[in-house]
Amino acid sequence: MIERVAGVDIETIGVILNPAAAGGKTIKLLPLITEALDRSGRRHDIYVTAYAGETPGVARQMISQGHSTIVAVGGDGTINEVASAILESGEETTLGIVPSGHGSDLARTLSIPRETDKALYRILRGSKRQIDAGMAQFDDGMSRHFLNVAGLGFDSVVAKYAVGSKLPGSTLPYIGSVLRAMRVYKNMEMRIDAGPNSFEGRACSVLIANAKYFAGGMKIAPMADIADGKLDVAVLGDLSRFELVRATPSVYKGNHVKHKKFTHFPATTIRVTTERPAQVQVDGELIDVTPVTFSVQPGALNVFV
């Protein structure tokens, strides 16, 4: 007999679809998702969000109603919002991912297929994996979870432009944004304290990686393990525009780690201060400004893979 919580069977799958993801193309997946779930025989509730910022509230409601699985259909921002709601609830709800966005970098790290039917099959098959979650805590009291990569400096300027990009695909929006950001960004002095490791000096960008990929397939932290209980600090040093242009293609294969101005070290708690307030992006979303402290929550989230 299936236990019922707030009128919902605990085996019911909750699906939250962001119709604006992938430039509005994600809504076209709705018939396929509905048909696949109907065919599976699994009980399911599907909610299509109507405005930006609605996802967290819908996810919290589904969790409170007892859904044991919540599937995020959209990009890394949508996935972050659903995952954050699960993490904040303290419940053992499992995250399902149907990638449909510019980046889909978490799906890339977890080897979740981009094909909707194949991604749904992974969820219905029921194979789970525990992964770590990162936390960004700001001095003004704001905090935010992340699953992929958080960052500041040049990276955040790129994220700002990428959010509004109309270019197609998962890579072009970020390449175009990198080129735009190069025209305006200036490196800054920063200090990073992470236990026995530290960095102090002028830098282009600092990335705090829980996963390997970000920005539409850039392998920014090839050494990162999403389930090792640690974060990986990746510092792009005082690169000139010319050096940045030359180094950017190598990031897609992870070869930038050989660059003399690249610094890396693992950590569980990282404190970052900058000479001027610097915007911080968390899974591609601009959140707040430095100073900021990052930490890891080992094995905090169950994900279907």
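Worth a mention:
Results for (1) assigned to a loop (DSSP other than H, G, I, E, B); (2) open to solvent by less than 20 Å² (accessible area, probe 1.4 Å), shown as yes or no for each residue.
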site	(1), (2)
Val206	no, yes
Ala211	yes, yes
Ala227	yes, no
Lys253	yes, no
Thr293	no, no
Gln297	no, no
Val303	no, yes
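- Residue among Ala119, Ala83, Ala52 that is within 19 Å of the chain's Cα centre (by Cα), modelled with pLDDT under 95 and not in a strand (DSSP E or B): Ala52
- Among the residues listed as Ala224, Ala234, the single one being out of contact with any Gly (no Cβ under 6 Å at 6 or more places or on another chain) and either under 18 Å from Gly153 (Cβ atoms) or hydroxyl-bearing (Ser, Thr, Tyr) (or both): Ala234
- Restricting segment 136-150 to residues that are touching a helix residue (DSSP H, G or I) at 6+ places or on another chain (Cβ under 8 Å) and part of a strand (DSSP E or B), the residue that is nearest to Lys219 (Cα to Cα): Val149
- Subset tally (residues that are of a type in the set (D, E, K, R) and under 26 Å from Arg114 (Cβ atoms)) for segment 208-243: 5
- Count - residues of segment 244-281 that are among the aromatic types (Phe, Trp, Tyr), under 16 Å from Tyr213 (Cα atoms) and at pLDDT 90 or above: 0
- Any hit, segment 233-243, residues being at pLDDT below 90, touching a Cys at 6+ places or on another chain (Cβ under 8 Å) and crowded, with 18+ Cβ neighbours inside 10 Å: yes
- Being over 18 Å from Gly216 (Cβ atoms) and part of a helix (DSSP H, G or I) is a property that Ala133 lacks.
- Residue match in segment 167-178 (condition: at pLDDT below 95, open to solvent by 10 Å² or more (accessible area, probe 1.4 Å) and in contact with a Phe, Trp or Tyr (Cβ under 7 Å, 6 or more places away or on another chain)): no
- Residues of segment 37-55 classified as open to solvent by 30 Å² or more (accessible area, probe 1.4 Å) and either closer than 16 Å to Leu95 by Cβ or in contact (Cβ under 8 Å) with a residue 12 or more places away in the chain (or both), total: 9
Per-residue answers, yes or no, for (1) open to solvent by less than 10 Å² (accessible area, probe 1.4 Å); (2) more than 23 Å from Pro19 (Cα to Cα); (3) in contact (Cβ under 8 Å) with a residue 24 or more places away in the chain; (4) of a type in the set (S, T, N, Q):
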{"residue": "Ile86", "(1), (2), (3), (4)": "yes, no, yes, no"}
{"residue": "Ser89", "(1), (2), (3), (4)": "no, yes, yes, yes"}
{"residue": "Gly96", "(1), (2), (3), (4)": "yes, no, yes, no"}
{"residue": "Leu106", "(1), (2), (3), (4)": "yes, no, yes, no"}
{"residue": "Ala119", "(1), (2), (3), (4)": "yes, no, no, no"}
{"residue": "Lys128", "(1), (2), (3), (4)": "no, yes, yes, no"}
{"residue": "Asp132", "(1), (2), (3), (4)": "yes, yes, yes, no"}
{"residue": "Asp140", "(1), (2), (3), (4)": "no, yes, yes, no"}
{"residue": "Phe146", "(1), (2), (3), (4)": "yes, no, yes, no"}
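- Scanning segment 255-286 for residues that are touching a Phe, Trp or Tyr at 6+ places or on another chain (Cβ under 6 Å) and surrounded by fewer than 18 Cβ atoms within 10 Å (Cβ to Cβ) yields nothing.
- Subset of segment 1-21 (residues that are touching a strand residue (DSSP E or B) at 6+ places or on another chain (Cβ under 8 Å), at pLDDT below 90 and not in a loop (DSSP other than H, G, I, E, B)): Val8, Ala21
The values are calculated or read from the model by the stated rules, or taken from the named source; none is laboratory data. These numbers were taken from a predicted model, which means no experiment stands behind them. For neighbour counting, all protein chains shown are included, and Cβ atoms are generated from backbone atoms with ideal geometry for every residue, glycine included. To get the accessible areas, we keep the full protein, side chains included, count just its heavy atoms, and leave off ligands, DNA and RNA. Shrake-Rupley method; radii C 1.70, N 1.55, O 1.52, S 1.80 Å.
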